[in-house]
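Accompanying notes for the structure given below.
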Amino acid sequence: MCSEDLFKDMIARQVDYVSPETYSPHASYLPYRRYLVDWMSDVGEQCRLHASTVHVSILYLDKIFRCRDIPRGQWQLLATACISVAAKYEEAEEHCPPIPELLRLTKLANAGHTSLSFREGELEVLRYLGWTLRAIPPIHILGYFLSKGATFVDDTWQGRELIEKIPKYVKKYADFFCNLTLQEYSFQRYLPTRLAAAILLASRVALQLEPRWRPELVRLTGFEEVEILDVFHHVWTYYEEQFPGHGSRAISPRSVTHADMYP
């Protein structure tokens, strides 16, 4: 299957986990969601998982919590099981963290959980998800956009010609905005394709690339700039709230660290 066919499949399947219809702003777990996201991101980093795997695991957890009333005492087990199931679906087999390692890292072993009880937790996740594990977070779609090229030879950077590192900087900002918007549930009101396009726009704006949106990007993403402006403004406003002053002066990509990704 070529990359264009994979992209069409992502567009078709993106609504399985995120859509305006499934957005649930009053779900009871939302006051605690940010802590779960930060904790799952930290576990993913310790297990050396790809960022996209963590994003998928959080989509799993959000879907389960939207549909089920999960007792607080089971949240850590369920969140860890989501990470494990996502890794088995997204990662190469040799990169999947062994259950004993997950039990040690998450201190579930101290709570009396064994490999057997953890496998029961994984089965619960699979049942809750209806064994439908293909989840499409914006970071997947941005990977496609970036693979096709998101900078152009006649772009300008801060009024000057592009330098060789600019495409890497665009990717760094795209990853940053993906991780940032993952923390805030309100971004799940947008289809992943729209959010991914808005993040690409935000990345170009942060780097002061001109023109900030181009006909080539319309063809690539399927969106005119006016169609994603509301999402872009939501992303940019949240960025400025979390990092006061940064949005107005478009910080250097060299200063974007892992601590910035998970403030």
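Mind counting the residues in segment 192-247 that are in a loop (DSSP other than H, G, I, E, B) and either open to solvent by less than 50 Å² (accessible area, probe 1.4 Å) or within 26 Å of L162 (Cβ to Cβ) (or both)?
11
Do the conditions hold for S252, that is, is it loosely packed, with under 10 Cβ neighbours inside 10 Å, hydroxyl-bearing (S, T, Y) and either at pLDDT below 95 or on the phi < 0 side of the Ramachandran plot (or both)?
On the way: loosely packed, with under 10 Cβ neighbours inside 10 Å: no; hydroxyl-bearing (S, T, Y): yes; either at pLDDT below 95 or on the phi < 0 side of the Ramachandran plot (or both): yes.
No; evaluated as a whole, the condition is false for this residue.
Filter segment 95-118 down to residues that are part of a loop (DSSP other than H, G, I, E, B), hydrophobic (A, V, I, L, M, F, W, C) and within 25 Å of the chain's Cα centre (by Cα), then give me how many there are.
Residues flagged as part of a loop (DSSP other than H, G, I, E, B), hydrophobic (A, V, I, L, M, F, W, C) and within 25 Å of the chain's Cα centre (by Cα) within segment 95-118 amount to 1.
Mind listing whichever residues of segment 155-188 are out of contact with any Leu (no Cβ under 9 Å at 6 or more places or on another chain) and open to solvent by 40 Å² or more (accessible area, probe 1.4 Å)?
G159, R160, E161, I163, E164, K165, K168, K172, E184 - these are the residues of segment 155-188 that are out of contact with any Leu (no Cβ under 9 Å at 6 or more places or on another chain) and open to solvent by 40 Å² or more (accessible area, probe 1.4 Å).
Quick check: anything in segment 124-131 under 27 Å from T237 (Cα atoms), part of a helix (DSSP H, G or I), at pLDDT 90 or above and among the charged types (D, E, K, R)?
Kept after step one, since they are under 27 Å from T237 (Cα atoms), are these residues of segment 124-131: none.
The answer is no, given that none of the residues of segment 124-131 is under 27 Å from T237 (Cα atoms), part of a helix (DSSP H, G or I), at pLDDT 90 or above and among the charged types (D, E, K, R).
Yes or no: Y169 in a helix (DSSP H, G or I) and under 14 Å from the mean Cα position of the chain (by Cα)?
The answer is no for Y169.
Given the structure, is I83 β-branched (V, I, T) and either in contact with a Phe, Trp or Tyr (Cβ under 8 Å, 6 or more places away or on another chain) or more than 20 Å from G143 (Cα to Cα) (or both)? Before the answer, list the steps.
Numbers: β-branched (V, I, T): yes; either in contact with a Phe, Trp or Tyr (Cβ under 8 Å, 6 or more places away or on another chain) or more than 20 Å from G143 (Cα to Cα) (or both): yes.
Judged against the criteria, I83 is a match.
The values are calculated or read from the model by the stated rules, or taken from the named source; none is laboratory data. No experiment lies behind these values; they were computed from the predicted model shown. With ideal geometry, Cβ positions are generated from the backbone for all residues, glycine too; neighbour counts draw on all protein chains shown. Heavy atoms of the whole protein, side chains included, go into the accessibility calculation; ligands, DNA and RNA do not. Shrake-Rupley method; radii C 1.70, N 1.55, O 1.52, S 1.80 Å.
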